[in-house]
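A quick write-up on the structure given underneath.
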Amino acid sequence: MPRPVLDPERIHPAIREKVARHQSEILREVQEAVAKEAVVVVGMRQNPFPRRARKALDGAGVAYRYLEYGSYLSDWRRRNALKMWSGWPTFPMVFVKGTLVGGAEDLARLIASGELKRLLAG
């Protein structure tokens, strides 16, 4: 089932470009990394869950690219654009072969079940 988003036709023409350009730099950076790297972890300082995801990948011997955007009090507007784009409400955001697989706990389940290795092999 697709996630509901506002139909572009319901955005006034005078602001469509502003909406389309909002925080486009951070989105482009993440999209480019996700397109190039097999595993990407998007996180932030001071949050223990991105560290857990990276530690789990290190323990599994899986290479990844880590993108870090601010801390709890900084860069939250930029991170909010990532949440709006992906629909994922928390950090980290873990991508495997271009697909959002969730956060640290979701990644841990994929590693434990062997699914991560299958995804990377496919």
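Within region 34-122, report the chymotrypsin sites (Phe, Trp or Tyr not before Pro) that DSSP leaves as loop and that have at most 13 other Cβ atoms within 10 Å.
Of the chymotrypsin sites (Phe, Trp or Tyr not before Pro), the ones in loops of region 34-122 whose Cβ has at most 13 other Cβ atoms within 10 Å are Tyr72.
Got the relative contact order for the chain handy, in percent, Cα pairs under 8 Å and 6 or more residues apart?
27
How much mean residue ellipticity at 222 nm does the chain get from its helices, if each DSSP H run of length 4 or more adds -39500 (n - 2.57) and you divide by all residues, to the nearest 500 deg cm²/dmol?
The helix-only estimate for the chain comes to -14500 deg cm²/dmol at 222 nm.
Do the alpha carbons of any pairs in Lys55/Lys83; Lys83/Lys117; Lys55/Lys117 sit beyond 18 Å of each other, and which pairs?
Flagged as over cut-off: Lys55/Lys83; Lys83/Lys117.
In whole Å, how far is the Cα centre of region 68-105 from that of region 2-38?
14
Determine the per residue accessible area of region 11-122 with all protein chains present and a 1.4 angstrom probe, expressed in square angstrom.
In whole numbers, region 11-122 has 59 Å² accessible per residue.
Rounded if a/c is under 1.5, else prolate if a/b is larger than b/c, else oblate: which is region 46-122, with a ≥ b ≥ c the root eigenvalues of its Cα gyration tensor?
Prolate is the answer for region 46-122, as a/c is 1.5 or above and a/b outweighs b/c.
Gaussian network model of the chain, Cα springs within a sub-10 Å range: biggest mean-square fluctuation belongs to which of Pro50, Pro89, Pro13?
Pro13
Computing the accessible area with a 1.4 Å probe over protein heavy atoms, can you report the carbon and sulfur percentage for the chain?
55
Most mobile of Arg51, Arg79, Arg16 per a Gaussian network model of the chain (Cα springs, under 10 Å)?
In this elastic network of the chain, the residue with the biggest mean-square fluctuation among Arg51, Arg79, Arg16 is Arg16.
In percent, what relative contact order does region 75-122 have, based on Cα pairs under 8 Å that are 6 or more apart in sequence?
23
Provide the percentage of antiparallel DSSP beta bridges, counting only those with both residues in region 33-122; round to the nearest 5.
Around 65 percent antiparallel, to the nearest 5.
The values are calculated or read from the model by the stated rules, or taken from the named source; none is laboratory data. Since this is a predicted model, take the numbers as computed values, not measurements. Positions of Cβ are generated from backbone atoms using ideal geometry, with glycine treated the same way; all protein chains shown enter the neighbour counts. Heavy atoms of the whole protein, side chains included, go into the accessibility calculation; ligands, DNA and RNA do not. Shrake-Rupley method; radii C 1.70, N 1.55, O 1.52, S 1.80 Å.
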